[in-house]
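Encoded as structure tokens, the structure appears first; notes follow it.
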Amino acid sequence: MVRVWRNPRLRWPKRIALTLLLVLLLPSLAAGIALRVNYAGDPAAGTLTRNRDALWLGHAWVDGRKGDADVEALAARLRSTGIRDLYVHAGPLEHDGTLPAAAYPGAGRLIAAVHRQLSGVRVQAWLGDELASEGPVGLRLDRAATRSAVVRSARQVLAAGFDGVHFDLEPLHSGDRDYLSLLDDLHRVTRARGVPLSVAAHQIDPLPAAHAIRGTLTGHPKWWSQSYFGQVARRVDQIALMSYDTALPLESLYGGYVAQQTSLALEVTPKSTDLLMGLPFFHEDDMSHHGSAETVAAAVRGTRLGLSRTDRHRERFGVALYVDFAATEKDWTAYREGWVR
């Protein structure tokens, strides 16, 4: 085997193979070093909660599975935190944009209980659906009738007593003009009622045009351009960047990535919009998420580093915790000790 590998006739094939290997490995190595360096240093003093944090809550809170005792326990946990918004899963939307009222029968009771127990905390209706952006099935934003139905669904949950509407539509490709049009229509509704319009947002290109390259190669762009993130942020009152499911294998790389994402988002989010960085309060292990790497501690530290370097005095800023039913005591402790204190 060694003699075959040393055959002079293989000299050029070996050089070509080595060149291809370096072309593939060197960018990844350089990116890894950059992320690790980005995770170094100490967060600036004062880069802690601004009392504008949020928590995603599962559907059990509005379908009858959770009762008054559960709300009391939740209130006891949240009183000493910076959480001001609860995104309660009230959907999903139907693919035509409509929302059955039967999807959230316990909403009124929950909202009243939260208002009694937690003064100043808002209960927002979390509405989402799969988009037909990468396949034949899903909600189609390019249809005006569907967008109109989504707006009616927003009016519907506000009439039910929710304090705002939070949308999570995925996979949403960078540059989608129909989504921007929908946000303009939704914001007119929420502004007239004096309540927030909130959205969950994809991550931002870690490298220029990364979304376009990945989209061409895989059909799933994953990231938004920084410019598009800014266009979305200017149309809402609150934007929560889903800074998890990164596929990164090490805690230091993940923390550096969150620091980078925080800086990129801060650069294009207007001062009038709340920017929230998502924290992974869940523990799956698959190709996109490694629980040993994507920890709450790393996400909090990365968030603080990005805030320290980019806009340390920004007030309309916080973190969003995903998701209540998968969270552990370790997650809550890391959030409190790293961000609330």
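The values are calculated or read from the model by the stated rules, or taken from the named source; none is laboratory data. This one's a predicted model, so the numbers in the text were calculated from it and none came from an experiment. No Cβ is skipped: glycine too gets one built from the backbone with ideal geometry, and neighbour counts run over all protein chains shown. Areas reflect the complete protein model, heavy atoms only, side chains present, ligands, DNA and RNA absent. Shrake-Rupley method; radii C 1.70, N 1.55, O 1.52, S 1.80 Å.
Can you find, within segment 66-111, the residue that is surrounded by the fewest Cβ atoms within 10 Å (Cβ to Cβ) among those that are among the basic types (Lys, Arg) and assigned to a helix (DSSP H, G or I)?
Only one residue fits best here, namely Arg77.
Would you tally the residues in segment 254-287 being surrounded by fewer than 24 Cβ atoms within 10 Å (Cβ to Cβ) and either assigned to a helix (DSSP H, G or I) or more than 14 Å from the chain's Cα centre (by Cα) (or both)?
Residues in segment 254-287 being surrounded by fewer than 24 Cβ atoms within 10 Å (Cβ to Cβ) and either assigned to a helix (DSSP H, G or I) or more than 14 Å from the chain's Cα centre (by Cα) (or both): 15 in total.
Does Leu158 satisfy being assigned to a helix (DSSP H, G or I), open to solvent by less than 20 Å² (accessible area, probe 1.4 Å) and over 18 Å from Leu131 (Cα atoms)?
yes
Which of the residues belonging to segment 112-130 are open to solvent by less than 40 Å² (accessible area, probe 1.4 Å) and out of contact with any helix residue (DSSP H, G or I) (no Cβ under 8 Å at 6 or more places or on another chain)?
Gln124, Trp126, Gly128, Asp129
Which residues, taken from segment 213-230, are under 29 Å from Ser148 (Cα atoms) and surrounded by fewer than 19 Cβ atoms within 10 Å (Cβ to Cβ)? Lay out the reasoning, then the answer.
Start the filter on segment 213-230 by keeping residues that are under 29 Å from Ser148 (Cα atoms), which leaves 215, 219-230.
Scanning segment 213-230 gives Gly215, Gly219, His220, Gln226, Ser227.
Please pick out the residue among Thr218, Thr246 that is out of contact with any Cys (no Cβ under 9 Å at 6 or more places or on another chain), free of Cβ contacts under 8 Å to residues at least 24 places away in the same chain and of a type outside the set (Lys, Arg).
Residue meeting the stated conditions: Thr218.
Check Gly255 against each of (1) in contact with a Lys or Arg (Cβ under 6 Å, 6 or more places away or on another chain); (2) in contact (Cβ under 8 Å) with a residue 40 or more places away in the chain; (3) farther than 29 Å from Gly41 by Cβ and name the one condition it does not meet.
The single condition Gly255 does not satisfy is (3).
Name every residue in segment 209-228 that is assigned to a loop (DSSP other than H, G, I, E, B) and either among the aliphatic types (A, V, I, L, M) or out of contact with any His (no Cβ under 7 Å at 6 or more places or on another chain) (or both), in order of residue number.
Across segment 209-228, the qualifying residues are Ala209, Gly219, His220.
Can you find, within segment 183-208, the residue that is farthest from Leu279 (Cα to Cα) among those that are of a type in the set (A, V, I, L, M), assigned to a helix (DSSP H, G or I) and open to solvent by less than 30 Å² (accessible area, probe 1.4 Å)?
Val189
Give segment 52-65 a look and list any residue that's farther than 19 Å from Gln238 by Cα and surrounded by fewer than 23 Cβ atoms within 10 Å (Cβ to Cβ), or say none.
Those that are farther than 19 Å from Gln238 by Cα and surrounded by fewer than 23 Cβ atoms within 10 Å (Cβ to Cβ): Gly58, His59, Ala60, Asp63, Gly64, Arg65.
Could you please find all residues in segment 285-329 being among the basic types (Lys, Arg) and farther than 22 Å from Tyr87 by Cβ?
Within segment 285-329, Arg301, Arg304, Arg309, Arg312 qualify.
Could you please find all residues in segment 109-138 being of a type in the set (Val, Ile, Thr) and over 26 Å from Gly194 (Cβ atoms)?
Val137 - this is the single residue of segment 109-138 that is of a type in the set (Val, Ile, Thr) and over 26 Å from Gly194 (Cβ atoms).
Condition first: part of a loop (DSSP other than H, G, I, E, B) and more than 20 Å from Thr47 (Cβ to Cβ). Now tell me which residues in segment 288-299 satisfy that.
Ser288, His289, Gly291, Ser292, Ala293, Glu294
For segment 236-253, which residues satisfy the criterion of being more than 17 Å from the chain's Cα centre (by Cα) and open to solvent by 40 Å² or more (accessible area, probe 1.4 Å)?
Passing the criteria: Pro249, Leu250, Glu251.
Please work out if Ser133 is closer than 22 Å to Leu248 by Cβ, crowded, with 16+ Cβ neighbours inside 10 Å, among the small types (Gly, Ala, Ser) and touching a His at 6+ places or on another chain (Cβ under 7 Å).
The answer is no for Ser133.
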